[in-house]
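K.L.:
Below you will find the structure I want to go over with you.
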Amino acid sequence: MFKNYVKIAVRGMVRSRLFTAINLIGLAISMSVGLLIITFVSDLVSYDNFHENKDNIYRVLTSDQKPNEPLFTLASTSVKTGQFIRESLDEVEDVTTLSLGFNGVAEIEDKKLPVQAYWADNSFLNVFTFPLIEGSSISALKDPYSIVLTEKSANKLFGKQNAMGNTIKFGDDIYTVTGILKDIPKLSYLNFEVLVSFSTAEVQFSHTDGNFFNWNNFYGSYTYVLLPEGYDPMTLQSSLDQLSRIENAKLNDRNISLSLQPLTKISIADSISNEIGPTIDSFAIWVLIGLAFVVIVSACFNYTNLSIARALKRSKEVGVRKVIGAKRSQVVTQFIIESVVISLLSLVLAVVLFVFLREQFIALHAYIDQLAVMELSPKLIVSFVCLAIIIGIIAGVFPALFFSKIKVLQVLKGSASLQLFKRVNLRKTLIVVQYVFSLIFITTTVIGYAQYKNFISFDLGFDTENILNIELQGNNGDLLAEKLQRIPAIQDLSRSSIVTSLGRQNRVLLKYNDPNDSSEVLENTVNENYLTLHGHNFLAGSNFKETSGSEVIVNEKLLKRFSIFENDPNEAIGETVIVNGKEHVITGVLEDFHYERAESHIKPTILRFSSMPKGYINAKIITDNVPETLAQIESAWKELDEVRPLEAKLYTDSIEKAFSAVSMLIKIIGFLAFLAICISSLGLLGMVVFTTETRLKEIGIRKVLGAAGGSLVYLLGKSYLILLTIAALLAIPITYIIFDKLILTNIAYPKAIALSELTIGFFAILILAFLMIGSQTIKAVNTNPSKILRDE
């Protein structure tokens with residue numbers, strides 16, 4: 001019986017080649033989208049699955065809550081958190097701390113090479129499954145000045161020579177190689193070349209950095225706990241809450257809390273600051289899954305539409321089957337099997353499309369390449385087959401039910417009497433819904449792109465054009481500045497500890513008159529040239545006057561926050577504020593500017609003076625030949641540092657990169673929008689062809705009676721144009737509400753949605769539809785009526 005069903009399905013496909021081709025191509029395109037999203041999401045949910053204890057490993061998060069400020073959650077914690085868990089909680093199987101800040105230039109004889117290194121304690125290799133090729137996981141990171149390399153880094157540093165037991169010099173310190181790890185899998189959010197024993201950091205920082213072990217120093221370390229099998233994480237959470245209460249009692253008006261995050265949920269989660277590895281927001285994943293689902297449903301609509309459109313021919317077939325004894329279940333089975341056969345054939349084409357589109361998908365954005373591998377595996381292939389069968393059933397179930405309900409007497413009435421909700425034709429409803437989705441896709445892409453362009457071209461309150469930010473990477477800034485000043489294209493230089501408006505922050509504690517009223521404010525350490533080079537505008541006061549480091553320049557928002565003569569900035573000049581326990585005098589007030597990214601609200605900010613900040617040199621470039629200038633800068637850099645590569649980026653490029661996740665999502669949505677339009681257009685083309693074929697005799701009679709070609713084109717196409725207009729009237733308000741009430745409410749300074757952004761998609765689809773409708777109807781109109789009516 002099954003063989004007979006398949007044979008009938010294949011014969012039906014051969015007889016209706018055009019409709020079969022439309023369905024095959026539409027389903028193949030939609031399934032290729034499904035395959036892309038499946039492989040992408042599969043990679044993301046597979047992050048760190050290679051760890052033996054992955055289900056029992058949790059990362060400790062830190063949340064910082066200050067009065068009148070939103071909750072701020074970070075992936076990092078203080079070193080003290082790990083110490084407390086290790087010393088006080090015996091029920092925890094193990095805990096490990098990972099810290100940033102290790103100087104990563106390795107010296108071996110006359111060779112110097114940069115490496116990516118973390119401090120890691122002796123429990124690291126017990127908590128995580130990073131297998132050692134050589135060395136002992138029990139002791140490799142135990143002693144001070146011990147170092148563990150990956151295979152790749154060992155080969156880079158020592159070549160074919162055995163690295164075990166050899167020494168590496170970092171600065172003035174000598175480290176001994178005590179272990180060699182297998183290379184880190186790409187699908188690991190922890191990515192490093194070198195691990196340095198944390199006991200080394202304890203030795204070094206116990207004398208030089210008293211803040212390293214403080215409870216509120218939670219920006220540079222990461223804590224992970226390994227829980228026993230079956231242990232309730234909420235029990236540990238109670239202990240962490242107790243620690244927070246004890247430590248917060250020592251702070252003024254500040255609440256630092258700790259929480260747990262499963263290791264397997266790190267790669268896909270809500271946005272958390274200070275991440276150590278690649279992650280993607282869970283909302284973005286749901287958006288991608290939702291969009292892929294819409295594309296697939298659109299292809300299913302095509303199948304349903306074309307099946308219903310052929311109702312007259314197929315209903316005769318169903319009527320004959322029922323007359324000779326076919327049951328309703330057999331009719332349903334026949335149509336579903338036919339749909340599944342088409343879907344499985346589409347899968348073959350979809351895999352071919354997937355191989356091609358995979359490269360295009362990865363090339364959409366560098367972040368996608370960083371996040372995923374997207375390689376086929378047996379497990380994924382099985383998933384693809386299951387997806388094809390499910391799509392086949394979804395696409396075929398409605399036509400199957402539709403035709404199975406047909407009574408023999410209805411066959412003589414044709415398909416016109418078959419309607420949804422009594423008066424609304426089913427085919428028209430599906431076309432409208434299909435184009436509503438397509439228009440939402442297009443409009444979302446257009447509006448999203450407009451918002452993105454607004455972010456990267458936003459007036460930040462200072463100049464960013466022609467400014468090149470050069471990361472010092474620990475080098476002597478004065479020596480580099482001296483070399484850069486010899487380059488003719490460099491007009492001016494300044495120094496800063498960070499580059500603002502990219503998402504990175506420095507924070508300091510500030511007080512004014514009320515000793516109980518303190519708050520963290522944003523801070524950047526700059527030299528005397530910084531404000532002039534970046535074109536900041538003063539409301540009162542002037543640039544730094546002395547070099548003692550006891551002066552600060554503040555923004556308007558800070559005056560309002562601490563009520564420092566907020567109505568007259570000139571009165572604020574000379575006022576004393578306490579920054580991190582030290583008195584500073586306000587010498588200038590700046591117009592508010594965006595320290596954080598453009599979508600965030602402006603916050604209280606100070607600029608502190610330093611003659612030589614250690615972060616960046618900011619170079620103002622005036623040249624028509626940027627590549628030549630960059631080559632000269634790189635040459636100057638190599639004179640100073642032959643080891644590290646030059647890290648220099650134009651300010652405008654860095655701002656664009658700061659919104660790379662937004663850019664990636666917009667490109668993916670645009671990519672899916674293009675595919676959705678292709679599928680919808682294929683379906684519309686099939687409907688137009690079918691309608692034109694069924695009305696050829698009517699066209700012939702009208703031509704004989706004197707109807708003009710233009711009126712016939714209008715007659716045949718107006719119903720579809722009306723449907724597209726209805727789709728637009730639904731899609732445009734829906735998209736506007738989504739952005740206005742949901743998306744843009746989370747953005748501090750959104751761009752107003754323009755009418756052109758809402759309507760451009762409609763006009764684009766209207767032109768495309770008009771071309772398809774016009775090409776088919778003109779073809780029909782130009783047919784000789786005598787050929788059409790000769791059999792009448």
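K.L.:
In deg cm²/dmol and to the nearest 500, what is the mean residue ellipticity at 222 nm of the chain if only DSSP H runs of at least 4 residues count, each as -39500 (n - 2.57), divided by the residue total? Don't skip to the end; give the middle numbers.
P.N.:
On the way: 25 runs with 388 residues, N = 792.
Computed ellipticity for the chain at 222 nm equals -16000 deg cm²/dmol.
K.L.:
Looking at the range 115-173, which trypsin sites (Lys or Arg not before Pro) are in a loop (DSSP not H, G, I, E or B) and have at most 16 other Cβ atoms within 10 Å?
P.N.:
Passing sites in the range 115-173 are LYS142, LYS160.
K.L.:
What's the extension gain from PHE565 to THR176 if we count 0.36 nm per residue and subtract their Cα-Cα distance? It would help to have the intermediate numbers written out before the result.
P.N.:
Details: separation 389, 0.36 × 389 = 140.04 nm, distance 5.86 nm.
Gain on stretching PHE565 to THR176: 134.2 nm.
K.L.:
Now for a separate question. Kindly list the residues of the range 589-624 that lie in the label zone of SER542, defined by a backbone N under 15 Å from the point 7 Å along the Cα-to-C-beta vector.
P.N.:
589
K.L.:
I would also like to ask the following. Please sort through the DSSP H helices of the chain and keep those with an alpha-carbon extent of at least 27 Å along the long axis and a Kyte-Doolittle average not below 0.0.
P.N.:
Details: long enough: 17-45 (41 Å, 1.82); 282-309 (40 Å, 1.84); 328-363 (49 Å, 1.63); 378-404 (37 Å, 2.24); 426-456 (45 Å, 0.97); 660-694 (51 Å, 1.83); 709-737 (42 Å, 1.69); 755-781 (37 Å, 1.73).
Helices meeting the criterion: 17-45, 282-309, 328-363, 378-404, 426-456, 660-694, 709-737, 755-781.
K.L.:
So which trypsin sites (Lys or Arg not before Pro) in the range 447-497 end up in coil per DSSP with only 10 or fewer other C-beta atoms within 10 Å? Don't jump to the answer; show the numbers that get you there.
P.N.:
Details: sites: LYS453, LYS483, ARG486, ARG495; in loops: ARG486.
Loop-located and lightly packed - ARG486.
K.L.:
Using a Förster distance of 60 Å, how high is the FRET efficiency between SER756 and SER239, based on the Cβ-Cβ distance and rounded to 0.05? List each step's numbers first, then the result.
P.N.:
On the way: r = 57 Å, r/R0 = 0.95.
For R0 = 60 Å, the calculated efficiency reads 0.55.
K.L.:
Name the long-range amide H neighbours of ALA106: under 5 Å, sequence gap of 5 or more, or other chain; modelled H, no Pro or chain starts.
P.N.:
Under 5 Å from the amide H of ALA106: LEU113, VAL115.
K.L.:
Kindly state, as a whole number, the per residue volume in cubic angstrom of the convex hull around the alpha carbon atoms of the range 54-266.
P.N.:
Values: hull volume 28.0 nm³, N = 213.
About 131 Å³ per residue, rounded to a whole number.
K.L.:
How much of the DSSP beta bridge set in the chain is antiparallel, as a percent to the nearest 5? Walk me through the numbers on the way to the answer.
P.N.:
Values: 72 of 94 bridges.
The answer is about 75 percent antiparallel.
K.L.:
Exactly which trypsin sites (Lys or Arg not before Pro) in the range 682-772 are in a DSSP loop and have at most 15 other Cβ atoms within 10 Å? Intermediate values should be presented prior to the final figure.
P.N.:
Working: sites: ARG695, LYS697, ARG702, LYS703, LYS718, LYS741, LYS751; in loops: ARG695, LYS751.
Passing both the DSSP loop test and the Cβ count: no residue.
K.L.:
Using label points projected 7 Å from each Cα along Cα→Cβ, tell me how many nm separate VAL382 and ALA661, to one decimal.
P.N.:
If labels sit at VAL382 and ALA661, their model points lie 3.4 nm apart.
K.L.:
With mean projected area of the Cα convex hull in nm² defined as stated, name the option among (i) 60.4; (ii) 35.1; (iii) 44.4 computed from the structure displayed.
P.N.:
Among (i) 60.4; (ii) 35.1; (iii) 44.4, the one calculated here is (iii).
Coordinate-derived values only; no laboratory data. Worth saying up front: this structure is predicted, and the values here are computed from it rather than measured. Positions of Cβ are generated from backbone atoms using ideal geometry, with glycine treated the same way; all protein chains shown enter the neighbour counts.
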